[in-house]
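Since the structure comes first, as structure tokens, the remarks are kept for the end.
FYI, it's all coordinate maths here, none of it is from the lab. A quick note: this is a predicted structure, and the numbers were derived from the prediction, not measured. Quick reminder, even Gly has a Cβ in these numbers, built from the backbone with ideal geometry, and neighbours come from all protein chains shown.
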Amino acid sequence: MSAAKWRNAMRSGAPLPQRPRVPQPAASPAAPDPHADSDAPRWLKRLWRTLTPRHVFMAIALLVFPFVATPFFTFQVASQSLVLGLVALSLSFLAGYGGMVSLAQMTVAGIAGYAMAVLGTSSSAEISLGWPWWLAVPFAVLIAVLCATLIGWLSVRTEGIYTIMITLAIGVAFYYLVLQNYSLFNGFQGLRELKPPTVFGLQWRDPLPFYFLCLFWALAGYFLVRYVVRAPFGVAMQGIRDNPRRMAALGYNVVAHRVAAYALAGLIAAVAGVLLAWYNALMTPGSVGTGWLINILVIAVLGGVKRPIGAFLGALVFVLLQTFAIDVIDRERFNLVIGGIFLAIVLFSPDGLLGLWAKLRSRFGPQQRPTSPPRRQA
């Protein structure tokens, strides 16, 4: 509307012309939620809303894989990746959502494995107590969780490099304890013949049953972390990670939250420790040595500590390199290869392989142009 028409309308007292309204496109109806009006639990409704075709495809692939792969890939690659990924998941939970880098997660897993060997049955009948597996396994997990809580209580009062050094010192101390103690841990020989039980006529150390056993507990740990980080406790942990002083001023007990996070991470590592003892059929000081303390950190960083799935992705890459790198290079140079890949990932993608994939998708993926709103007619 021009200025002249405006002045004429004001002088004559005529009503001002109204702008024509542009009809807005009708919103497309949302897809009905079959669980919206049902009496299903809240966690089931949330799972239904977050379920995507990608998750369905991955679930089908994980279930079909052992039936199309060889027993070697099923046991040596897939099962080992799930077990190591479960240990790395406990570290990713502490580092990614709590800001606490602990090098003692493999130590907690080793405590669970040794406790199960001492309480259950092994090759050293004079050491093992001979408890049934259904009693030895829960007590072994409980002992490992209590030790993880104690490690957390000693570590949470420090930050940064001091936390890393304390947990590393605890891991090294446990390594020398099991190496030099023969009355309880059988020294450098360790405790052998730690075989899973036979339940319902199935030998759980066979490739197919053991794979599904590891897959079950890996999915349980994954969904547990996914649930906790969205719960009030997980949100408080992320707030403590970002600004512990402000969270303390708001009334949160920072030390209690951090110790509880260590206990939860210890539970995940303890379950992985029992599976690791069954996978190797033994527990030796080499299972909890300094090399494995660092390897778990490498696995977590390779995949990316900001997402729970990154631990299993890093474990898969690590196991593949450990299994097939000897065909290209000498076994003694494996650490050099892992170190080079670790350095490259840290330099080009601090978020690990998942962060690198996100960068590639944003750079080479299809670019969506922002839709501009329709122009109004004068």
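Counting neighbouring Cβ atoms within 10 Å and putting the fewest first, the residues Leu91, Leu336, Leu347 line up as Leu347, Leu336, Leu91.
Taking packing as the residue-averaged number of other Cβ atoms within 10 angstrom, the listed peptides 248-256, 210-218 run from highest to lowest as 210-218, 248-256.
Note on Ile161 and Asp206: their simple-model spin labels are 5.4 nm apart, each label 7 Å out from Cα toward Cβ. Put simply, segment 230-344 fits an ellipsoid with semi-axes of 34, 18, 12 Å; these come from the alpha carbon gyration tensor as the roots of five times its eigenvalues, largest first. How big is Rg to Rh over segment 69-289, alpha-carbon atoms, Rh as the Kirkwood inverse-mean-distance radius? We get a ratio of 1.00 for segment 69-289. Working note: Debye formula, equal point scatterers on the alpha-carbon atoms of segment 127-187, no solvent; log10 I(q)/I(0) at q = 0.14, 0.23 Å⁻¹ is -0.56, -1.01. Fewest to most neighbouring Cβ within 10 Å: what's the order for Tyr222, Tyr182? Arranged by neighbour count, lowest to highest, Tyr222, Tyr182 become Tyr182, Tyr222.
May I ask for the net charge around Pro308, where only other residues with Cβ less than 13 Å from the Cβ of Pro308 are counted and Lys, Arg are +1 while Asp, Glu are -1? The answer is +4.
Ranked by the mean number of other Cβ atoms within 10 Å of their residues, highest first, the peptides 80-86, 175-181 come out as 80-86, 175-181.
Amide H contacts of Trp131 (H built 1.01 Å from N, in plane; Pro and chain starts excluded): Gly120 sit under 5 Å, all sequence-distant by 5 or more or on other chains. Among residues other than His257 with Cβ under 15 Å from its Cβ, the summed charge is +3 (Lys and Arg +1, Asp and Glu -1).
Within the shell of other residues whose beta carbon sits under 12 angstrom from the beta carbon of Met247, the net charge comes to +3, with Lys and Arg scored +1 and Asp and Glu -1. Rounded to the nearest Hz, the phi-derived 3J(HN,Hα) couplings of segment 141-153 under the Karplus curve 6.51 cos²θ - 1.76 cosθ + 1.60 (θ = phi - 60°) are 5, 5, 4, 5, 5, 5, 5, 5, 5, 5, 4, x, 4, where x marks glycine and proline. Of the peptides 98-111, 225-238, the ranking by mean beta-carbon count within 10 Å, highest at the top, reads 98-111, 225-238. Restricting the calculation to Cα atoms, segment 170-316 yields a radius of gyration followed by a Dmax of 18.4, 57 Å.
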